Every structure is written in structure tokens, then in C-alpha cells.
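Remarks on the structure that follows.
Each reported figure results from applying straightforward, stated rules to the coordinates on display, with no laboratory input. In this text, all values refer to a predicted model and were calculated from it rather than measured experimentally. Cβ: placed from backbone, ideal geometry, glycine included. Neighbour counts: every protein chain shown.
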There are 4 protein chains.
Amino acid sequence: KKNFFLIAGPCVVESEELVMEVADTVSGICRNLGIPYVFKASYRKANRTSAGSFTGIGDDNGLALIKKVGEKYKLPTTSDIHAHDEAAPAAKYVDILQIPAFLCRQTDILVAAAETGKIVNVKKGQFLSGPAMKFAVDKIRRAGNEKIVLTERGTTFGYQDLVVDYRNIPWMQEHGTPVVMDCTHSLQQPNQTSGVTGGNPQLIGTIAKAAVATGADGLFIETHPNPAIAKSDGANMLRLDLLKGLLEQLVRLRKVASDY
Amino acid sequence: KKNFFLIAGPCVVESEELVMEVADTVSGICRNLGIPYVFKASYRKANRTSAGSFTGIGDDNGLALIKKVGEKYKLPTTSDIHAHDEAAPAAKYVDILQIPAFLCRQTDILVAAAETGKIVNVKKGQFLSGPAMKFAVDKIRRAGNEKIVLTERGTTFGYQDLVVDYRNIPWMQEHGTPVVMDCTHSLQQPNQTSGVTGGNPQLIGTIAKAAVATGADGLFIETHPNPAIAKSDGANMLRLDLLKGLLEQLVRLRKVASDY
Amino acid sequence: KKNFFLIAGPCVVESEELVMEVADTVSGICRNLGIPYVFKASYRKANRTSAGSFTGIGDDNGLALIKKVGEKYKLPTTSDIHAHDEAAPAAKYVDILQIPAFLCRQTDILVAAAETGKIVNVKKGQFLSGPAMKFAVDKIRRAGNEKIVLTERGTTFGYQDLVVDYRNIPWMQEHGTPVVMDCTHSLQQPNQTSGVTGGNPQLIGTIAKAAVATGADGLFIETHPNPAIAKSDGANMLRLDLLKGLLEQLVRLRKVASDY
Amino acid sequence: KKNFFLIAGPCVVESEELVMEVADTVSGICRNLGIPYVFKASYRKANRTSAGSFTGIGDDNGLALIKKVGEKYKLPTTSDIHAHDEAAPAAKYVDILQIPAFLCRQTDILVAAAETGKIVNVKKGQFLSGPAMKFAVDKIRRAGNEKIVLTERGTTFGYQDLVVDYRNIPWMQEHGTPVVMDCTHSLQQPNQTSGVTGGNPQLIGTIAKAAVATGADGLFIETHPNPAIAKSDGANMLRLDLLKGLLEQLVRLRKVASDY
């Protein structure tokens, strides 16, 4: 009960093979470590920097595969939606609707997600403070939904870097919601001239440990067996075979941190 | 031909009386000063900080009034859209579709706007660099539309402030598009604990002069006869009776600047 | 051996009574917890925002009291110096010379400190990255001194806020030096219109826990029996009676973190 | 009387030949354009990123050459000082003492400079707001000197970039001092892994035009006949043969701007 939960999976549904491999490995690790696990994958990437980037295998195909993973491994699932009209369809397949950081101020999408009755996980915009996420929470509550999660994923720090401000963990917990640290997107290096967002995956452990120590309720980690060939966010994801060792450390840290 | 153009109006369509008063005054000033004028008002505010804030008089009512203004004063018009499915309906009423800064990375809305064949004005996200707006431009061009405008509206600078980086004017002009300076939203003070974005309207002249001097092709200024009672962005708008004096100065500056 | 060390004390030498009270309390706590403790106080404040602020009781008096504390409680001591010509005199009284963050790029002060043969603790400038501290380290090494400590104390984040970037802990450790987290100055709120730097002392625990979890070698905490009446940095210091509880948590966290 | 003044010269005194060439060229241009001209060069670089970088030809040699330039071309001169004990010696040679941005909070150096009776030009720290420069001004005034100039040179914006916030021009003018825009250092790209600060000299015109349009009283431009071989700040300086064309544009802009 005192452990953190984990939202993890590949950035995007590339293939059935991929999502099953990741879910199989991660669910096994989490079962052993007593970590509640939510499978995550995007069924579409709607805000790729560059128009030529891979965006998915088709929404219905992607959503169906996510649902299949959930059923096979008995896992709750989540995916991000990208406009108000995606909330209801996606809610048929997943348990948690994730609102992308760029969209966290869009009232329509927050309300549509809220109205599905599903858990709504809102990522903090790179341009927003933790205290200001109160207003996103209020919009969802006004729409009659109290099942809200907030996720920190870094804040704009010059054009080509993000910084994680750990004050946002206690600040967002004051809104009465669990707070998740997105350990992989927080390390993005945006606005690269190549049109491909960069990253710093060797620092995922640093970001995660600080989050657990400061009381984050959950962690979000994108992982892939071979990030170098991933079709999205390859620069940020954790190599799947490194996940077990990291989680073992984090669980021990959590035991101490949760005694506070 | 060498003058800058002006996109101006009240933040939101509050009433027919208001939009007519603003259009009447601004179009008169611009006619005298030789400034091409585009009437702007939002038919809905979709990303208000706070759920309780005013969002509009109804989309159809708002759009119809914008169109009426355009017909009465023979002005091109613009309004912002907030999701891909608003592009086609809004395009029936306005000449320029404006993409909000928070949404500048959403491929769906950019493509939907592009496909209307209207001019698309994309505001640079507070989290984006001017060079990275190349990718927004590319998405619109790939959708077959070359009529693109880019607008600078400030960049995240700590949580409660924005800063205008004038390097973005030449950097965005390199994408082959006209570049507009949004002189009022650039002065916002976001993330206030009150849930009401603050501002610095006494600095509108500073922002505008620097923009004209550095070669901005257009200016965007929200204006209202009485900002203190405005239903949105009251902290940022220019008082309508101050617009004439400011534009006179800017036109003189432009004459010198355009000789370079 | 595996514990973190602590640099702590009141911001400035206000009086003999104060420094003795703090040293007595903190050294007692640290002895019990097995934390190597370095007593810190400034003998002069040389960069107060406002000219009217308290700057000290005289350099010689301040330094003599710091030395007296060290002798009485058998503690190593540290103080900050403010110009190259203070290095040699201060080195007669203290064991570690601290270089203020604003001065971390000044070659003269770094070399003068290095040449005393004392340990040199350089605070990372608010305008500097952790990797760029390599050049400060190099300047000290070229002057023949290998006893170097680096301290993170937050980075400029807009005008009125600082943010702690925990990536700087591993990044600075790559320079081959111990890295300290300054848990109190990191929470400053600079550039307040009052001319008095603000703070967020309720977040000291958040900053410290994240530092220990990410492997910081030492912590720096300013503490005072009654911060409300302190003559400097009252807005940031930890109330002395809260230190014990915090350190107990941190020591437990460290035990887990150092197993990695 | 209504023109801006110019502080210009090579970054550092490399040789007599260099300073004479620059002074000869720039003073000729400024005489023709009616621009009051102050010759600037550093007699020493005291905060080079890297210990191995060139720091000067010796303080006395450097200062003597600056004085010689002033006498030969009948120009006021300026140089930066780096510690309180350099104020009095440097004041024997130059007319304006410049306080480096990193040192703008150091009370000792401000007071020492003030007490020479010379004009004191304080660069705004990269970590400071324009309004907060009030406290630097107060320290100098309290020391009995009213001859103060403030210079904007960019603000920390992530680790590897600076941004110029033009709001600082009117904000600093409220302190009752002339305000200068440093058009070359504002374009630095600090914290490069090479240990050599980068730059963007092609944007010098953009920075300068915005400064003149927003009412800056003076401009600061480092210039060199061949920046590629300069011994400091080669990445930022304006090529000497480009200065005339730029100043001609700026003088015309100023004529319009000063009519406001």
C-alpha cells in the first residue's frame, strides 16, 4: 500500500509484438516488487515536432492492442488523447485518460475526459507552475469527476532544455491528488534544429530517485527493448533491461521515504 | 505597401455594441495612417486559467458578429480556433484562422486549419523557439497551404513572467512567412495564484517599438474602451483611446526601419 | 564513512552567544547521527541586496569567533570570502574557504583561495551549468590545490525565483569533487521589490531529500534559533529546533541511497 | 544632444596597434554622425571561463594604452575593474569605471568605484532584474557619487543562452540613470562545453535597433578589425568595417524615436 505506482510502456504502439514484450517484462518485475503497474502506450502521436515523423498504426488498431494488453496481463491501461472528441472513444479501451502537457489548459478536453468517468491524468504544462495546476483540477472536479492524477514532466528552461522543479511535487499534492513524476519526458531536449527532440536517458535514475525521496505517488517511465530503433522518443526512453535494477533501488528508497 | 499591418480588437466578443465600437474606432485610425487592418476577436475562450471565467456569448453568435463587423467596415477578420473540428466552421466566417500558442504543436489543428485554404496565423508556443516554428510551418505547407503567418507572444521565463526575445523576429522570417508581434499577450504575467493572468499594459509601447524597429511585419494589439471591465485579458489590453497616439509613433518608426 | 557531511550554522556571525548556541546544538545532533559537521558562518555579508542591511560585527571579530567555535567544539569551520585579498587572512581562521556563487568565475579569488592550501568550496553561479563548473575546478587545480568542493545553490529561473536542477549533482561529481547541496539558499526568491530576498523554508526538507537521494556528498543548511529576528537571510534559514528531525530522516535515506 | 552615445572598442587591449586602429576608425565615424563616443577596452580579463585563456598584456601597460588613446583622439575612456582595490588605480587612467555584471551585487567594489568620483557604469547581472538594479544605484549614491550609468547585457535563459528583456530599459531609467544596451555581450552563448563562450554576431543589428527604438540612452558595442583572431570574445564582436553602416541606420532610428 505504501509503494509508489508505475505507469510505463513504450512511447507509442508500434506493433503487437512490442507492446506484449514490454507488458510481459514490466508486469513481471512489478509483481515481484509489489509495484502497482499501469500499462501505457500512445495510440497516436499528435504533436510530433516534425510532420514526417511516425504517428501510429491507426487509432483503432492502437487502442485495441492496448486493451488486449490490459486483458492479457490483467493490468489497468492508459493512453493520451489529443482533442475533446477523442475522450469518449478512448475511454472504451483504457482506464486512465492522459492529457498531454501542451493541452493542460484546454477546458474542452479536460471536461470531455472528466465526463467519461475515467481517471484523468493531467500532465503539467512546461509553461505552468505546480500551484497553477489547481485550475486544471478544478475544471475536472466541476465536471463531476474526482479521480484526478497530476504529472510533472519538466518546465521550460531556455529553448533547448527542461528542468524538473521538485517543489512541484508537494505543491501539486496540495490539490488533493496523487502526483506522478514523468522520469523520461522530463529529460527531453526540445527545439533541436534537427526536428527530433533530444534526451539524456543516463539521468533517468537521478530524476526518479529525487521523485521518490520527495514523496511522488507514482512514476512514469517510457521503456523500450531497443530505444535506438524506437519510432518515437528514442532519445529519452529507458532500455527495458535496465528497468528492474532501477525499480529495486527505488522500492528500497520508498520504504524509507514513506516512513516520514 | 511598406507599412506594418495591424491585427486588433477586443479579446473576446462580449457584445455587438463592443465589437462595433472597437472596429469603428480602429478602422478609422488605420485608414488615416495607411495601416492595413484585420479585425480580431475570439468567439470563445477555450483555455481560461479558471473554470469560472467568461468564455463567450456562444460560438455561432460570436462568429456571426465578427463576420458582420468585417462586412460593415470592409475589413478582413480573424479569430482563434481551439480544436481541429472548429477549423471548417470558423472558416466560413473569418479570413484568418489563428492557432493558439499552446496548440502550435498539435498536428491535427494545424492541418485542419491549412485545409480550409484560409490564411493560418500560428502563435509561437511559450515553450518553443523561433527556429522550431519551422516545423509548424512545414505541417501547414505539407497540407497544401502556403498562406502562413507566425506570431511572437513571449516565452516562458520562470513561472510568473514572459519575456519577448526579439531574435525570434528575424529567426521566424527565415521560414518565409510574415512575422507578427503580439504586443499585449507578451506582457502577460501567468500562473498568478488568483487564477487571473496579470499584465503590464504600460509597456505595450516598449514591446511594439522594438518590434517595428527589428522588422516585424505586423502587430497584434488587443484593445478595449475600458479594460478594467473587460471580460477577459483586462490586465493586458490597451485602452482604446491610447491606440491612435501609439500607432502614429510606430508608423514614423516604420518609415525609417523599412529603409534599411 | 558513507554518511553525508553537513555544513551548517547561522548566515552571519551576529554575536558570540548565537554562534555558540548553534554550534552546541548542531554538533550534538551530528555526533549522535554520525554526520561529519563543519561549522559555517559568514564574517561579513558583502553582497546584500540593499546598502542599509546588516553586514557583520567587523571582519576580525567575526573570524575570531568562528575560530573560537571550532576550537571549543573541535569542529572544522568555513566562511565565505569576497575578494582575492581576503583569502590569506581568512585562511588563518577557517578550514574551508567558500567562494560565493556570484564570484565563481573570478579567476583572482579562485587562485588566491587555492594558494592558501585550504579546502576551497565553490558555489555554482546562478548563471552557470554544472558542467561549466569544470573551469572553476581547473583554475584551482592549476594553482596547485586539489582540495575542492562544489556546491549547488539554485539557478536563475525568471527574475524572482531559483530552481534546483538535480542533474547538476552527477554532472558536478564528474569533475572529481564532492558535491554539496545548499538547501537554504536554493529556496531564495531574489529580486523582490522590497530589497529583501524572500524564501520558502517549508521546502527545505524537499530540497534536502532529493539531494541525498541523488547522491549529494554533503548538505549545506543555514539555521538559526529564531529566523524571524535573524540579521540576514531570515526568510530562508531552518529553525534550529527542526534540524534534528530532518537530519534523522536524511540519514536513513542516505543509508539506502549509498547502497546503490 | 538627442543622439545616443556609444561605448565601443575591442574587448581587451591586445596591442597598441589594435587599440589605435579601432579608436581611429570609430572616432572618425562618430564625429561624422554626431555620436558622443567613449573608447572602451579591458586592461585585463578577470573572469574568463577557462584558465588558459588570454587575460591581457599587464594591467599597467593596458591602462596606459587606454589613456594614450584617450589623449590622442580626445575621447573619454572606460575599462572594467574586477575587485575593490582596482578602483583607485584604474581611475587614474580612465573616465568611466565599468563594474562587470557578475560583480554588480558586490558592495565593496561599487563603493570603491563610487569613491573615485568617476562615472560608474554598472552592468546588470545576468541573474538580476532591471528593477533590482535600484539597490546597486543606491549603494553608489550612498557613497556620494551621483554619476551612474546602468547597462543591460542579457539575462540567464537556460544554461547556454541569454535573452534581452527590453522592459529593463524603461525599468532601469526609472532609477534616474542613463541606460546602455550592450549589443555584443547580450548575444553570448555561455556554458559551452568547449570553455569558449559562443555568440551570434549577425544579430547585433537586431539587438541595437530594438534598444534605440525603446529609448536606450547609449549603446555598447565591442568591435575588432578581425574578430576571428581576437584574443577574447571573438564570437561576439562586430567586425569593424560593419560599424559605420549600422550606426547610420541607428542614428536615423534615434531621430524618430527621440521625438516621442
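Just a few scattered comments:
- Whichever lysines have a C-alpha closer than 22 Å to that of C:Lys124, once near sequence neighbours (fewer than 8 apart) are set aside: C:Lys40, C:Lys45, C:Lys134, C:Lys139, C:Lys147, C:Lys209, D:Lys45, D:Lys123, D:Lys124
- Computed [θ] at 222 nm, deg cm²/dmol, chain B (DSSP H ≥ 4; -39,500 (n - 2.57); rounded to nearest 500): -10000 deg cm²/dmol
- Here the alpha carbons of the protein assembly as shown define both size measures, Rg and Dmax, at 29.3, 87 Å.
- Exercise: per-residue mean of other protein chain Cβ atoms within 10 Å, A:121-131: 4
- Proximal aspartates and glutamates relative to B:Lys92, as straight alpha-carbon distance under 12 Å, when same-chain residues fewer than 8 apart are discounted: B:Asp60
- Amide H partners (placed H, <5 Å) of C:Leu219, local residues excluded: C:Phe5, C:Leu6, C:Ile7, C:Met181
- Rounded Å value of the spacing that divides the Cα centres of the stretch C:92-111 and the stretch A:91-168: 44
- Rounded to the nearest 20 debye, the dipole magnitude of the protein assembly as shown is 0 debye, with +1 charges on Lys and Arg beta carbons, -1 on Asp and Glu beta carbons, and the Cα centre as origin.
- Label point 7 Å beyond Cα along the C-beta direction, distances from A:Lys92 to other copies (nm, shortest first): 2.8, 8.5, 8.9
- Nearest-first distances (nm) between copies at D:Lys2, label 7 Å from Cα via Cβ: 1.9, 7.5, 7.5
- Working from label points 7 Å from Cα in the Cα-to-Cβ sense, the A:Arg141 to A:Lys74 distance is 3.5 nm.
- Projected-area mean, chain A, by convex hull of Cα positions, square nanometres: 12.4
- The stretch A:1-77: C-alpha pair distances exceeding 18 Å, %: 40
- The stretch C:154-243 shape via C-alpha gyration tensor axes, a/c threshold 1.5: oblate
- If only the Cβ of Lys and Arg carry +1 and only the Cβ of Asp and Glu carry -1, the dipole of the stretch C:5-257 around its Cα centre is close to 520 debye.
- Mean-position separation - Cα centroids, the stretch A:1-66 and the stretch C:18-69, in angstrom: 53
- The alpha carbon centroids of the stretch D:182-244 and the stretch C:245-259 are separated by 49 Å.
- Take A:197-209, D:94-106 and order them by the average number of nearby Cβ atoms within 10 Å per residue, most first; the result is D:94-106, A:197-209.
- Chain C holds its axis-closest Cβ, relative to the rotation onto B, at the residue and whole-Å distance C:Gly158, 1.
- Relative contact order computed over chain B (Cα-Cα under 8 Å; 6+ residues apart), in percent: 18
- Each other copy places its own label point for D:Asn226 at 5.2, 6.9, 6.9 nm from this one, sorted shortest first, where the point lies 7 Å along the Cα-to-beta carbon line.
- The share of Cα pairs per 5 Å bin across the stretch A:83-202, counted from zero up to the longest distance, runs 2, 12, 22, 22, 17, 13, 9, 3, 0 percent.
- Largest first and in whole Å, the equivalent-ellipsoid semi-axes of the stretch C:145-188 read 22, 11, 8, each the square root of five times a Cα gyration tensor eigenvalue.
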